[in-house]
1. Could you pull out the residue among Ala80, Ala145 that is crowded, with 19+ Cβ neighbours inside 10 Å, among the small types (Gly, Ala, Ser), assigned to a helix (DSSP H, G or I) and at pLDDT 95 or above?
2. Residues of region 1-13 being surrounded by fewer than 21 Cβ atoms within 10 Å (Cβ to Cβ) and assigned to a helix (DSSP H, G or I), which ones?
3. Out of the residues in region 50-77 meeting the condition of being closer than 25 Å to Gly180 by Cα and more than 14 Å from the chain's Cα centre (by Cα), tell me which one is surrounded by the most Cβ atoms within 10 Å (Cβ to Cβ).
4. Quick test for you: out of Asp39, Asp106, Asp102, pick the one residue that is modelled with pLDDT of 90 or more and among the acidic types (Asp, Glu).
Amino acid sequence: MSIYANFFVAIWLKFFFLLTPFFVMSVFLSMTQEIAPRDRRRLALKVTVAVLVACFTLFFFGNHLFSLFGITIDSFRIGAGALLFLSAVQMVQGDAAVSPSDRQGDISVVPLAIPVTVGPATTGALLVMGAELQGAWQTVIGCAALAAAVLCIGALLGSAASIEHVIGKRGITILSKLTGLMLAALAAQIVFTGIKSFLAIH
């Protein structure tokens, strides 16, 4: 594989697990139990579009935000990594949940897109990962990888009922917990990178 393909796969995997696909699928299924299959697929499409808009906004806003508030990317790495780690712990323990009151009206943007898919921890990580990319080729590949990851989430939501039929609710729960473990490792890497860079500068 070329350096571009390797970079794309590495970034895609980070974004895919960052968006916690199986946890999102579990919440999606629990909130759409009384919705017809055709309406559920339409809702999955709306969630995908909302997540795309939110992710790309955050992805390109990182550097401007850091410059505006005078925040170094290393300090934000440490903060975002810590928040992401707490989110991963909640996912592994099964504490993350959506309140029944959130199931009223159009749920595609709130709460399914924000904050279930793109929560506070994901927001911080997206800001950091977007600001880390250097050069035009990294930015282009990063955008393609982010779009591919979001589209994969959309495909999972669109076929959520079929997946649940095959592996069951327990299978989805297990995959969600495994995603939490990957998320914890990603969070630790972000924190360690921030600490290493901060110590190297000072």
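1. Details: Ala80 fails: at pLDDT 95 or above.
Answer to the check: Ala145.
2. Residues of region 1-13 that are surrounded by fewer than 21 Cβ atoms within 10 Å (Cβ to Cβ), as a first pass: 1-10, 12-13.
Passing the criteria: Ile3, Tyr4, Ala5, Asn6, Phe7, Phe8, Val9, Ala10, Trp12, Leu13.
3. To start, the set of residues in region 50-77 that are closer than 25 Å to Gly180 by Cα comprises 50-59, 62, 73-77.
Filter once more, keeping what is more than 14 Å from the chain's Cα centre (by Cα): 62, 73-77.
Working: Gly62: 21, Ile73: 18, Asp74: 19, Ser75: 13, Phe76: 21, Arg77: 27.
Step by step, filter region 50-77, then rank; the result is Arg77.
4. Details: Asp106 fails: modelled with pLDDT of 90 or more; Asp102 fails: modelled with pLDDT of 90 or more.
None of the other options fit; the residue is Asp39.
A quick yes/no check of all residues on (1) without any contact (Cβ under 8 Å) to a residue 60 or more places away in the chain; (2) buried (at least 20 other Cβ atoms within 10 Å of the Cβ); (3) on the phi > 0 side of the Ramachandran plot; (4) assigned to a helix (DSSP H, G or I):
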| site | (1), (2), (3), (4) |
| --- | --- |
| Gln134 | yes, no, no, no |
| Ala155 | yes, no, no, yes |
| Gly168 | yes, no, yes, yes |
| Met182 | no, no, no, yes |
| Gly194 | no, yes, no, yes |
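The values are calculated or read from the model by the stated rules, or taken from the named source; none is laboratory data. It should be emphasised that the depicted structure is a prediction, and the values quoted were computed from it without experimental measurement. In this analysis, Cβ positions are derived from the backbone assuming ideal geometry, glycine residues included, and neighbour counts consider all displayed protein chains.
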